[in-house]
Every structure is written in structure tokens, then in C-alpha cells.
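Peer 1: What follows is a single structure, and I will ask about it in a moment.
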Amino acid sequence: MSIQEEVFSKAVKLAGTLAEGQEELLQTLSAAAAAGLEARLRDDVTVDDCREVFVTAASFLAVSALEDCSRGKNVREFRAGDLTVKEGSTSGTSARNWETQARMLMGPYLRDSFCFLGV
């Protein structure tokens, strides 16, 4: 099984029930997450050196990206007489959590980089 297939398989399990069209999107996001992480590996590290952690972290990133893509599709407010239905998306927080966990897992294997995660 290729690394992209492993990442996709794990991402599907993490994502749970997928809406129509999301499986293909998740497959694309899984491949992109794997390629992105592989490009950032230290020169002395290969995917096989950290395969299990790599697959887990890439699948976390893919699920995070899927949640970001799906954000905003929930009903925010609906009124019918005295009945009001409000739904919001908490996927922003959840997506950031997936991403943070992925970066923590892969930290020892990635080249040094600098970025702001928040202010």
C-alpha cells in the first residue's frame, strides 16, 4: 500500500461519516498532506523512518483541511414563528486541533521552520 493510500485510509476512519463528494476531496487532501509533510522532512529522515507517525500526522492534516473546506455549510439561524433553530460550526477549533496535533507529532522529523500559530 502506498503512503498516500495509508494516509487516506486513516483519514477516512478519523473523519467518520462523509457527505456525498467528500470522499474524493479527502483523497485529494490526503495526497496533498502527505506530499507537503514529505517535502518538509529533514534531509537525514525518510518517510520509512517515521512511517506510522507520518501517516497519522498527514491524516490529521487531511481531516483538518476537510473540516476547513466544509466550514460554513451549517444552518446559522432559521425562524418559523416561535421556533428558532441556530446551528454553528465549531470546525474551526477542531480543525486547528487536528493541525496542532499533526505538527507536534512530526516536529522531531521536520526541518526547522518559523511561523506564527496565533497572536
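Peer 1: Only one of these conditions is not met by residue 49: (1) surrounded by fewer than 16 Cβ atoms within 10 Å (Cβ to Cβ); (2) over 20 Å from residue 104 (Cβ atoms); (3) modelled with pLDDT of 95 or more. Which number is it?
Peer 2: Result: residue 49 fails condition (2) only.
Peer 1: Pairs needed: first member in segment 22-47, within 15 Å of residue 64 (Cα to Cα); second member anywhere, surrounded by 15 or more Cβ atoms within 10 Å (Cβ to Cβ) and of a type in the set (Phe, Trp, Tyr); C-beta distance under 8 Å; at least 6 residues apart or different chains.
Peer 2: The qualifying pairs are 26/8; 27/8; 30/8; 31/8; 34/54; 37/54.
Peer 1: Is segment 13-29 home to any residue that is under 27 Å from residue 112 (Cβ atoms) and either polar (S, T, N, Q) or open to solvent by less than 60 Å² (accessible area, probe 1.4 Å) (or both)?
Peer 2: Yes, segment 13-29 has at least one match.
Peer 1: Every residue in segment 30-46 that is open to solvent by less than 60 Å² (accessible area, probe 1.4 Å) and not hydrophobic (A, V, I, L, M, F, W, C), please.
Peer 2: 30, 36 - these are the residues of segment 30-46 that are open to solvent by less than 60 Å² (accessible area, probe 1.4 Å) and not hydrophobic (A, V, I, L, M, F, W, C).
Peer 1: Oh, and also: List the residue pairs whose Cβ atoms are under 8 Å apart, where the first residue sits in segment 1-17 and is in contact (Cβ under 8 Å) with a residue 24 or more places away in the chain, the second is open to solvent by 70 Å² or more (accessible area, probe 1.4 Å) and among the polar types (S, T, N, Q), and the two are 6 or more positions apart or on different chains.
Peer 2: 8/27
Peer 1: Something else: Just checking, does segment 100-108 include any residue being modelled with pLDDT of 65 or more, part of a loop (DSSP other than H, G, I, E, B) and open to solvent by less than 70 Å² (accessible area, probe 1.4 Å)?
Peer 2: Checked segment 100-108: no residue is modelled with pLDDT of 65 or more, part of a loop (DSSP other than H, G, I, E, B) and open to solvent by less than 70 Å² (accessible area, probe 1.4 Å).
Peer 1: On to the next question. Yes or no: segment 56-72 includes at least one residue that is modelled with pLDDT of 95 or more, surrounded by 13 or more Cβ atoms within 10 Å (Cβ to Cβ) and β-branched (Val, Ile, Thr).
Peer 2: yes
Peer 1: Exactly one of these conditions fails for residue 82: (1) acidic (Asp, Glu); (2) surrounded by fewer than 16 Cβ atoms within 10 Å (Cβ to Cβ); (3) at pLDDT 80 or above. Give me its number.
Peer 2: Among (1) acidic (Asp, Glu); (2) surrounded by fewer than 16 Cβ atoms within 10 Å (Cβ to Cβ); (3) at pLDDT 80 or above, the lone unmet condition for residue 82 is (3).
The values are calculated or read from the model by the stated rules, or taken from the named source; none is laboratory data. Worth saying up front: this structure is predicted, and the values here are computed from it rather than measured. No Cβ is skipped: glycine too gets one built from the backbone with ideal geometry, and neighbour counts run over all protein chains shown. Heavy atoms of the whole protein, side chains included, go into the accessibility calculation; ligands, DNA and RNA do not. Shrake-Rupley method; radii C 1.70, N 1.55, O 1.52, S 1.80 Å.
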